[in-house]
Amino acid sequence: MAEISKKDQFILPEGVVYLDGNSLGPMPKTVPQRMQSVVADEWAQLLIGGWNKAGWMAMPEQVGDSVGRLIGAPKGSVVMGDTLSIKVYQALAAGVKLRPERRVILSDTGNFPSDLYIAEGLVGLLGQGYELRTVAPEDVADAIGEEIAVVMLTEVDYRTGRKHDMKTITEMAHAAGAVMVWDLAHSAGALPVDLAGSNCEFAVGCTYKYLNSGPGGPAFIYVRPDLADTVEPALAGWLGHARPFDFDLNYTPGAGIERMRVGTPPVLQLAALEESMKLWEDVDMDALRAASIALQEQFIEEVEAAAPQLTLASPRDAQVRGSQVSFRFEHGYAAMQALIARGVVGDFRAPDIMRFGFTPLYIDASDVSKAVGIIADVMNNDLWDDAQYKVRSRVT
Ligand SMILES: *Cc1c(COP(=O)(O)O)cnc(C)c1O
């Protein structure tokens, strides 16, 4: 799998095995130079002229196209901006508007809380009998009925890595007359996604995880091209207006995906993302997926042999797993802190999940073995049982 690796193109701190690229991707080596250039040559020198001269205003669509290529979205169907929570709101609100006679948003208990909170907020605002219904992930198919306006799911469960079948669920949603919204937070850059082939109406996702745009990097939203000229963006901001610089008092949505823009784009973060996306230009997503599965299988096998205290929380079948492996351990928080102190960086998700992400662009089989050696040491010698590892930080 050597051809997948681009390890020499990332900055990774000495002595660290970074198994948290599913939460915050590391920095490609060319990003500091690009940031220097956008700050010193563009912002400092061009000042407001940068919007035109440096093409800042076109970045949300341009970078959206490069993200779109990775997720099977046609050119002009993806735009960048805001954070994922905001994009969830837009997709959900626009989806509900497409089915005005229906009142139920269906999601599952494996979804990321922010997506559910956003849905809760939206149904509270809508009133009129709108409802958010959540069922267990394995019960979603049975819960799709004629009363459902929108099915909103995250393809890969952030805790366990369990993966929904996008195509099948989308077909079921459509058969029941519902709109489908997919959250690709743990899919974009992690596995092949065929958005056009799935036929879903909306998709959203973030870029600071597998796409390495840096902390707070912009999110993306996809609208199926046949709907892009008619959907209502819900957050009707000036940069989604057809003619922002007419400063009309009334809102007229822009053409196509442009209408999903809201306000001023985060130019510095978009520049970091645009730079990071260059690494993806020649990545074969099927080869990446195969490499990711190989690393995960190796990890599971070696951890189960070396550290029986840990219980696999992810599906054993690689086909229904994303690009992460989670284990349960009662003292998971302390154990993860002990690992991080020894250079194996994963993260912890309450109540007892130790989460490890696999990113073949910069993680290889020797990293996995090294990590497992340290995990075995921490677990078998109870090295986690130390007061310094039990103090909870603000971010876990
Ligand atoms: C990471 C993640 C988020 C985070 O949303 P932000 O607005 O970017 O903080 C939301 N939803 C899912 C499914 C995620 O995995």
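Observations on the structure shown:
- Ala93 fulfils the conditions (1) more than 28 Å from Ala271 (Cα to Cα); (2) without any contact (Cβ under 8 Å) to a residue 60 or more places away in the chain; (3) away from the ligand (no atom under 12 Å from the Cβ) except for a single criterion, (2).
- Looking across the stretch 326-357, the residues that are free of Cβ contacts under 8 Å to residues at least 60 places away in the same chain and charged (D, E, K, R) come down to Arg328, Glu330, Arg342, Asp352.
- The stretch 143-176 - residue that is among the hydroxyl-bearing types (Ser, Thr, Tyr) and either away from the ligand (no atom under 16 Å from the Cβ) or in the same structural domain as Phe356 (by TED's automatic domain parsing) (or both) and, of those, nearest to the chain's Cα centre (by Cα): Thr170
- Test result for Tyr130, on the phi < 0 side of the Ramachandran plot, aromatic (Phe, Trp, Tyr) and more than 11 Å from the ligand (Cβ to nearest atom): yes
Condition check ((1) within 23 Å of Gly110 (Cα to Cα); (2) outside the structural domain of Glu155 (by TED's automatic domain parsing); (3) of a type outside the set (D, E, K, R); (4) surrounded by fewer than 23 Cβ atoms within 10 Å (Cβ to Cβ)) across all residues:
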position	(1), (2), (3), (4)
Glu302	no, yes, no, yes
Ala307	no, yes, yes, yes
Thr311	yes, yes, yes, yes
His331	yes, yes, yes, yes
Ala341	no, yes, yes, yes
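- Which listed residue is within 16 Å of the ligand (Cβ to nearest atom) and assigned by TED's automatic domain parsing to the domain that holds Asp229, from Ser77, Ser85: Ser85
- Here Ser77 meets the list (1) farther than 30 Å from Ile340 by Cβ; (2) surrounded by fewer than 19 Cβ atoms within 10 Å (Cβ to Cβ); (3) polar (S, T, N, Q) almost entirely, failing just condition (2).
- Pairing residues of the stretch 364-376 that are over 15 Å from Gln296 (Cβ atoms) with residues that are surrounded by 15 or more Cβ atoms within 10 Å (Cβ to Cβ) and among the basic types (Lys, Arg), at Cβ distances under 9 Å and at least 6 apart in sequence or on separate chains, gives Ile374/Arg342.
- Checklist (1) over 18 Å from the mean Cα position of the chain (by Cα); (2) surrounded by fewer than 24 Cβ atoms within 10 Å (Cβ to Cβ) applied to Arg259, failing item: (2)
- Leading residue by the ranking (farthest from the ligand (Cβ to nearest atom)) among those in the stretch 96-121 that are surrounded by fewer than 20 Cβ atoms within 10 Å (Cβ to Cβ) and part of a helix (DSSP H, G or I): Lys97
- The number of residues in the stretch 212-229 that are farther than 14 Å from Met35 by Cβ, within 12 Å of the ligand (Cβ to nearest atom) and in a loop (DSSP other than H, G, I, E, B) comes to 2.
- One residue from Val193, Val179 being among the β-branched types (Val, Ile, Thr), within 16 Å of the ligand (Cβ to nearest atom) and under 20 Å from Gly110 (Cα atoms): Val193
The values are calculated or read from the model by the stated rules, or taken from the named source; none is laboratory data. Predicted model, so just to flag it, every value in this text is computed and none were measured. Every residue, glycine among them, receives a Cβ derived from its backbone with ideal geometry; neighbour counts consider all protein chains shown.
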